[in-house]
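A short worksheet on the structure shown next.
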Amino acid sequence: MKYKALETSEIDKLFENSIIEKDISSLPDHDTLIKVQFSSLNYKDALSASGNKGVTRNYPHTPGIDAAGIIVETTGKKFKQGDEVIVTGYDMGMNTCGGFGEYIKVPQEWIVKKPENLSLSESMAFGTAGLTAGLCLRKLLIHGLKPEDGEVFVSGVTGGVGIISLMLFKKLGFEITAITGKLNQESLLKDLGAKKVIDRNELDLDLISPLQKPIYSGGIDAVGGKILSNLICMTSQRAAIACCGMVGGLSLDTSIFPFILRGLSLFGIDSAESLIETKEEVWENFASSWKLEMIDNNIKNISLDELPSEIDKILKGEQIGRVRIAYD
């Protein structure tokens, strides 16, 4: 049986993306075949689709670290034919054929059964970006962060992780400062819950001071680099930061003072390799106490054929919010 997929190919050390027909027999030998209904576009997908060997080792390859769909067949015992399921992360879309194809074949250990009060479409409005935001929030709440503790921040706030982090913080009653390089999106960010919007350039500097005025009781950083270095030094007593991104740089040049004088906790979040039980918990939250009724309002819906141009856009830093791919 044939199906459509985006395939990234390497030709004379250059990488090209094209929509082709593939045969289901070409999928890996895993236990569960899923008909994909929706996927979403993430920065890691764009890296895979541009030939980043740190993400994907071998080409040709079908990227897509997210998929939501219906089980067609399975030899495992955890699910059955017809179950609606979500798959995010692990090796899918990296070195295992991913959600940018109409079918995937994955181990049952990677699969989450879709919660009752969440549609497949809504799940891919969240996708890995939303799951990452949820994992960050979960870690901060376990640490003890509460709205009454004071102001929190979200950096990289117009990206997928940032925009959902902002919405989740708002849902739970926090006062949020949004940090962005796209000040032309200030109205959108305030509509989504930001009380204050500041220019990332105010923080994208060599360390301003090893211990700065305490402002934030916590936050979610999706940028890294100099911005995170300075935010660490701007935290209040017993603050906590969850970090999950590196578009601002790989290095962290900060001060030990916030850790030993203010008791700061810095949590690293690895969404892809999170325990499946933890992923299930976050998806259940999205369907209940963290339900975002307006999640679809800031989603761009596209077809598979439109995906290559959206990949180019996200690589150029021009993407705002989330992109969802819908299959027939």
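The values are calculated or read from the model by the stated rules, or taken from the named source; none is laboratory data. Small disclaimer: the values here were computed from a predicted structure and weren't measured. Glycine also receives a Cβ, built like all others from the backbone with ideal geometry; neighbour counts cover every protein chain displayed. Surface accessibility is based on the protein's heavy atoms, side chains included, excluding ligands, DNA and RNA. Shrake-Rupley method; radii C 1.70, N 1.55, O 1.52, S 1.80 Å.
Here are the numbers for the structure shown:
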| item | result |
| --- | --- |
| Charge dipole magnitude, Cβ of K and R +1, D and E -1 - segment 124-185, Cα centre, debye nearest 20 | 220 debye |
| Virtual spin-label span in nm between I320 and D296, 7 Å along Cα→Cβ | 2.1 nm |
| 0 to 90° range, to nearest 10: angle between helix 276-286 axis and the chain longest Cα axis | 70 degrees |
| Label zone at S121, where the point sits 7 Å out along the Cα-to-Cβ direction: segment 285-301 residues whose backbone N lies under 20 Å | 286-288, 291-301 |
| Exposure rank, largest accessible area first [D191, D91, D221; 1.4 Å] | D191, D91, D221 |
| Exposure of D253 as accessible area (Å², to 10), given a probe of 1.4 Å and all protein chains | 110 Å² |
| Packing-based order for 198-208, 222-232, using average beta carbon neighbours within 10 Å, highest first | 222-232, 198-208 |
| Choice from S309, S155, S119 showing the highest fluctuation, given a GNM over the chain with Cα pairs closer than 10 Å | S309 |
| Spacing of the two label points (7 Å from each Cα toward its C-beta) at I70 and K53, in nm | 4.2 nm |
| Accessible-area composition of segment 1-143, carbon plus sulfur, in percent [1.4 Å probe] | 48 percent |
| Accessible-area value, L211, 1.4 Å probe, nucleic acids and ligands omitted, Å² | 60 Å² |
| Accessible surface, 1.4 Å probe, highest first, among residues W283, W110 | W110, W283 |
| In Å², nearest 10: area of I19 left accessible to a 1.4 Å probe | 50 Å² |
| Angle in degrees between helix 160-171 and the longest Cα principal axis of the chain, rounded to the nearest 10 | 60 degrees |
| Counting DSSP beta bridges with both ends in the chain, the antiparallel % (nearest 5) | 55 percent |
| Gained length - E21 relative to D328, 0.36 nm times residue gap less alpha-carbon distance | 109.0 nm |
| Spin-label pair S209/E186, simplified geometry with 7 Å Cα→Cβ offset, distance in nm | 2.5 nm |
| Over 21 Å (Cα to Cα) - which of K4/K113; K171/K195; K2/K114; K171/K196; K113/K291 fall in this group | K4/K113; K2/K114 |
